[in-house]
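Reviewing the structure listed below.
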Amino acid sequence: MTDQYAQTREDNRSAGTPAVRWEEPPEGPVLVFLDQTRLPAEEVELVCTDASALVEAIRSLAVRGAPLLGIAGAYGVALAAARGFDVDEAARSLVGARPTAVNLSVGVRRAQSAYQAALARTGDARQAASAALAAARQMHQEDARASARMAGHGLALLDELQPGGGHRILTHCNTGALMSGGEGTAFAVALAAHRAGRLRRLWVDETRPLFQGARLTAYEAARTGMPYTLLTDNAAGSLFAAGEVDAVLIGADRIAADGSVANKVGSYPLAVLARYHHVPFIVVAPVTTVDPDTPNGAAIEIEQRPGYEVTEVVAPQVPVTGAGGGVPVAPLGTQAYNPAFDVTPPELVTAIVTEEGTVSPVTAGALADLCARSRQAVAE
């Protein structure tokens, strides 16, 4: 049985509604998400009672962002276990919800392994469900700590590249608390610079076709009091030409073993612009985003989204008439090319900042060493 509903949480507006939380009302455990498709018009929460509801939320982008998808995947397995559903079936459906973001499968497999190990050890499904939930909660906490460490490493790198502060940072898509267990990845670095009094301007790409920058990053920047300016994606070149960008900071959905970075479509053109204008292009992502099993950028599966996301504009509280639920901006029957991500080759990446440190220059060997250090730290 799938039950999915929404409720407005007015009482959370002042403190900020969390991106995800686990709750256990009398009728059974649920997973609660802030519906990111409704922002910035309203903060509405989406409540999922099973994995299929969570899969739908992930595919609709109500739940999005690589680290948060990993956390959501782990909680989704725990939810299936706690409610007595087929855990392996839930895991399969969750992993397939969005193919490019490797964190989703990492989170699912981690909770699934905890469940299977506990079940084999005790034979008790309830204890196994508790083990899956503990794994999800631990992953949630680890991501929050990783976010804080990435922010520190990223700010140190910015200060090294541009001593004295006054950083003017260009970012793409959304990389803040809305997609993380903490304060985010690239956005967390900019926020750390702001708190230290060293952020001069955050340039926010609108991020077509779904406006994650305009709707989500601007929303987060406004809430934190950061100095920010929104621009259309195709205005970035003029900013570079005018010398108004000191660094580009983005997140990542998957980093291949050779250092190729898959991120929200539009990232690769920024890398090309940054290289031409001698501006650092920095990727901020947790170590879990590095996928040693994906050898290079060509091996990364790129999710293709529906064409109506390009031929229509969807905005909260706007009357809709299009087939996809939006306002048509192209003639009926127009075909659209709509990859969700593009891939930036390692030679265009100045540095990859993780919770375990910074990799620069970006090479397969350096990434392998980073992952080895991370595994050793976990083992200890």
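The values are calculated or read from the model by the stated rules, or taken from the named source; none is laboratory data. This is a predicted model, so every value here is computed, not measured. Because the Cβ atoms are built from the backbone with ideal geometry, glycine has one as well, and the counts that use them run over all protein chains shown.
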Exercise for the section: Output the residues belonging to the stretch 221-237 that are farther than 19 Å from ALA177 by Cα, crowded, with 16+ Cβ neighbours inside 10 Å and not small (Gly, Ala, Ser). Expected result: LEU231, ASP233
Practice task
Determine the pairs where a residue that is charged (D, E, K, R), located within the stretch 356-380, has a partner that is modelled with pLDDT under 90 with Cβ atoms under 8 Å apart, the partner being 6 or more residues away or on another chain.
Solution key: GLU356/ARG373; GLU356/SER374; GLU356/ALA377
Handout entry: Candidates PRO29, PRO18 - the one that is surrounded by 15 or more Cβ atoms within 10 Å (Cβ to Cβ) and modelled with pLDDT of 95 or more
Key = PRO29
Problem - Residues that are surrounded by 23 or more Cβ atoms within 10 Å (Cβ to Cβ) and of a type outside the set (S, T, N, Q), drawn from the stretch 282-296 - result: ILE282, VAL283, VAL284, ALA285, PRO286, VAL290
Fill in the blank from the handout: Among residues of the stretch 44-56 being under 15 Å from GLU23 (Cα atoms) and of a type outside the set (A, V, I, L, M, F, W, C), the residue nearest to the chain's Cα centre (by Cα) is GLU45
Handout entry: Filtered residues of the stretch 330-359 (kept if touching a strand residue (DSSP E or B) at 6+ places or on another chain (Cβ under 7 Å) and surrounded by fewer than 16 Cβ atoms within 10 Å (Cβ to Cβ))
Key = PRO339
Problem - GLU160 being over 15 Å from LEU68 (Cα atoms), out of contact with any Phe, Trp or Tyr (no Cβ under 6 Å at 6 or more places or on another chain) and not in a loop (DSSP other than H, G, I, E, B) - result: yes
Practice task
Would you confirm whether any residue within the stretch 278-295 is free of Cβ contacts under 8 Å to residues at least 12 places away in the same chain and not in a helix (DSSP H, G or I)?
Solution key: yes
Problem - Residue match in the stretch 242-250 (condition: touching a Phe, Trp or Tyr at 6+ places or on another chain (Cβ under 9 Å) and surrounded by fewer than 18 Cβ atoms within 10 Å (Cβ to Cβ)) - result: yes
Problem - Per-region count, the stretch 57-116, residues touching a strand residue (DSSP E or B) at 6+ places or on another chain (Cβ under 6 Å), over 19 Å from VAL20 (Cα atoms) and free of Cβ contacts under 8 Å to residues at least 60 places away in the same chain - result: 0
Completion exercise
Among the residues of the stretch 32-68, the number that are surrounded by 20 or more Cβ atoms within 10 Å (Cβ to Cβ) and at positive phi is 1
Practice task
From GLN138, GLN162, grab the single residue that is surrounded by fewer than 24 Cβ atoms within 10 Å (Cβ to Cβ), polar (S, T, N, Q) and without any contact (Cβ under 8 Å) to a residue 40 or more places away in the chain.
Solution key: GLN138
Completion exercise
Residue pairs within 9 Å by beta carbon, gap of at least six or interchain, first lying in the stretch 192-209 and of a type in the set (Gly, Ala, Ser), second part of a strand (DSSP E or B), listed first then second, are ALA192/LEU199; ALA193/HIS167; ALA193/ILE169; ALA193/LEU199; ALA193/ARG200; ALA193/LEU202
